[in-house]
Amino acid sequence: MPETPVFSTAAVAAPHTLAAETGQTILAAGGNAVEAMVAMAATIAVVYPHMNGLGGDGFWLVREPGGRVHALDASGPAGALATIKRYRDKGYDAIPSRGADSALTVAGAIGGWGLALELAKALGGQLPLDLLLGDAIRHARAGYPVSGSEARFKTSEEAALYAVPGFAEAFLTEGKRTPPGTLRQVPRLADTLEQLVHAGLADFYRGDIGREIAADLERIGAPILRRDFETYRARVVQPLELRVGNATVYNLPPPTQGLTTLLILGMFQRLGAIRAETPEHHHALIEASKRAFTIGENVVADPMNMIHDPSAFLTPSALEREAAAIDMRRAAPYPLPRSPEGDTIWMGAIDKDGLAVSYIQSVFWAFGSGCVLPATGIHWHNRGSAFSLDPASHNALEPGRKPFHTLNPPMAAFDDGRVLSFGTMGGETQPQILAQIFTRYVLGMGLADAVDAPRWLLNKGKGTSPAIVRMEGRSDSGLIRALSALGHEIDESPEPYTDNFGHGGMLVKHPRNGRVEATHDPRSDGGALGL
């Protein structure tokens, strides 16, 4: 059943209840939406470790009440020793997904918190760091119950993950998944957070914590050096934007796949008037996804090494050309690349003044590299495994470069004054999920119903077999038959609500009454809370 949406003067949405409670507390203390999000990010980094952590990356969209949109890129580059030669000399044909050799990029999330707090202060924020990180420290020190999602989440290469030194001691119980509800204490992570309060967030890169992290990474053989931390800065970037119907939709530029999400929406709009939940609705999104992913795979790369201007693919003529190639009567063949698991968190916040935040934070695959750094208790991401070891690739590994990112936190501003913050986790499937929940909402579905409704995911075909459309349990049998008749290969999932179909959330600021409507995914362990 869909969650009952929250209607309040300010609200937050998160995939874990403890993170949502933290955001609600900060808003109640007079904090703005950015401050609330930093606090939520800290809490969820502790209590949802399979999805994110201090050793990962983040991306921000922040919209001021007056309409100005800020985009923050808090992703990290490859370390100084991360060269193709290094991996080839070690016998790799591709970068591994687990272990020290997958821990090859700087973690940018904390740098993003710091940059976001500079923006928060410029917008009137005054709350101290000890208050913002207080809940996270308390949960790490006293313990938090292991979530249902962590206990049930399906991950590939599980044996390799469990074999990473330090992983089992940190996250398993007698060599197996820790049962949900088990109290887990992470005192070293609490110490790290307390040091950040005492010394400031920059200590993560240029202080005692940075020194300890670099030493632990060197000890396990990861290719990141201390100077990689000392020179790292999160960056303010120019957001991508696209007119979709009566709204302007914003997203992050490369290295994220924000372009892919906007491409799907732009093509969909040009396929004519479509009613919600019809076969035409979903066929159009599936076919637009195929074309958008093809473009994204060939275009998106480190922003300093881009060959193409991503905005050129969002012009009316470019979108019309792509949409014209879609056959609304038949599914096109499509070979997808491998789809990494969706192990990320998205959270949203809108405060009483209308300041809106869409934020995403991740360690890439479930638990990232699996490397737990003993001095700080931080587990490190494996985002660098998205690099290629082919020197001719536009995503070729090179020190200082950023890998392709699946993360993309969108936002929309409607002509009638509504502001929508929305997002999801889901790895490479994020654009598909975002397109489904957004189009459902703009085509007239209620906010909670748009997030709750059954989803599909386009998965690669094996060998010469066609792509597969995985339909979530509860999917309408008539829709399944109609999509099959259009030539889509359908795989029906037996489960009605699963993490593998994403954790979506949406918040809308309504101009007529000033209220914020918010909902979060029943597939997650969280929800929406307001004041």
Kindly provide the helix-only [θ] at 222 nm of the chain, computed as the sum of -39,500 (n - 2.57) over DSSP H runs of four or more divided by all residues, to the nearest 500 deg cm²/dmol? -10000 deg cm²/dmol
Distance between Cα centroids, region 12-74 to region 155-196: provide it in whole Å. 23 Å
Vicinal HN-Hα couplings computed from phi for region 223-234 (Karplus, 6.51 cos²θ - 1.76 cosθ + 1.60; Hz; Gly/Pro x): x, 10, 9, 4, 5, 5, 6, 5, 9, 6, 9, 5
Within region 212-295, list the trypsin sites (Lys or Arg not before Pro) lying in a DSSP loop whose Cβ has at most 15 other Cβ atoms in a 10 Å radius. Arg233, Arg275
Where a label projected 7 Å from the Cα of Gln126 along Cα→Cβ would reach, residues of region 1-31 with amide N under 14 Å: 29-31
Restricting to aspartates and glutamates and to Cα separations under 14 Å from Lys85, and discarding same-chain partners fewer than 8 apart, the set is Asp93, Asp101, Asp390, Glu398
Looking at the square roots a ≥ b ≥ c of the eigenvalues of the Cα gyration tensor of region 123-222, which shape do they give, rounded for a/c under 1.5, prolate if a/b is larger than b/c, or oblate? oblate
Counting only protein heavy atoms with a 1.4 Å probe and every protein chain in place, the carbon and sulfur fraction of the accessible surface of the chain in whole percent equals 52 percent
Please list, ordered by chain and number, the residues whose modelled amide H lies under 5 Å from the amide H of Thr9; skip anything fewer than 5 residues away on the same chain. Val516, Leu531
Roughly how many whole Å is it from the C-alpha centroid of region 86-149 to that of region 225-289? 24 Å
Residue by residue, what Karplus-based ³J(HN,Hα) values in Hz, rounded to whole numbers, does region 385-397 have, using 6.51, -1.76 and 1.60 with θ = phi - 60° and x for Gly and Pro? 5, 7, 5, 9, 8, 8, x, 7, 6, 6, 10, 5, 5
Under 5 Å between amide hydrogens, which residues at least 5 positions from Leu373 or on another chain qualify, with H placed 1.01 Å from N in the peptide plane? Ile378, His379, Trp380
Along the Cα→Cβ direction, 7 angstrom out, place labels at Glu495 and Ala375. What is the inter-label distance in nm? 3.9 nm
Quote the accessible area belonging to His520 in square angstrom, nearest 10, computed with a 1.4 Å probe and with ligands, DNA and RNA left uncounted. 0 Å²
May I ask you to evaluate 6.51 cos²θ - 1.76 cosθ + 1.60, the Karplus curve with θ = phi - 60°, for each residue of region 513-528 and list the ³J(HN,Hα) values in order in whole Hz, giving x for glycine and proline? 10, x, 7, 10, 9, 9, 8, 9, 6, x, 6, 9, 9, x, x, 10
Find how many whole Å separate the alpha carbon centroid of region 378-396 from the alpha carbon centroid of region 425-442. 25 Å
Grab the Cα-Cα distance for Asp327 and Arg275, subtract it from 0.36 nm times how many residues apart they are, and report the gain in nm with one decimal. 17.0 nm
How much accessible area per residue does region 451-531 have, counting only protein heavy atoms and a probe of 1.4 Å, in square angstrom? 40 Å²
Using amide H atoms built in the peptide plane, which far-off residues or other-chain residues are under 5 Å from Met306 H to H? none
Can you give the charge dipole size of region 114-241 about its Cα centre, rounded to the nearest 20 debye, using +1 on the beta carbon of Lys and Arg and -1 on the beta carbon of Asp and Glu? 140 debye
A correct Kirkwood calculation over the Cα atoms of region 113-165 returns a hydrodynamic radius in Å of 14.7 Å
Solvent-accessible area per residue, Å², over region 24-65 with all protein chains present [probe radius 1.4 Å]: 13 Å²
Ignoring ligands and nucleic acids, Lys352 exposes an accessible area, probe 1.4 Å, in Å² to the nearest 10, of 140 Å²
Radius 12 Å from Cβ of Met328, net charge of other residues (Lys, Arg +1; Asp, Glu -1): 0
Which of Lys290/Lys402; Lys154/Lys290; Lys352/Lys402; Lys121/Lys509 have a Cα-Cα distance over 30 Å? Lys352/Lys402
Put +1 on the Cβ of each Lys and Arg and -1 on the Cβ of each Asp and Glu in the chain; which of Leu196, Ser147, Leu161 then has its Cα farthest toward the positive end of the dipole? Leu161
Relative contact order, percent, region 36-174 [alpha-carbon distance under 8 Å, six or more residues apart]: 32 percent
List the equivalent ellipsoid semi-axes of the chain in whole Å, largest first, each obtained as the square root of 5λ for an eigenvalue λ of the Cα gyration tensor. 33, 27, 22
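The values are calculated or read from the model by the stated rules, or taken from the named source; none is laboratory data. Owing to the predicted nature of the structure, the values given are computational and were not obtained by experimental measurement. Note: ideal-geometry Cβ built from the backbone for every residue, glycine included; neighbour counts use all protein chains shown. Heavy atoms of the whole protein, side chains included, go into the accessibility calculation; ligands, DNA and RNA do not. Shrake-Rupley method; radii C 1.70, N 1.55, O 1.52, S 1.80 Å.
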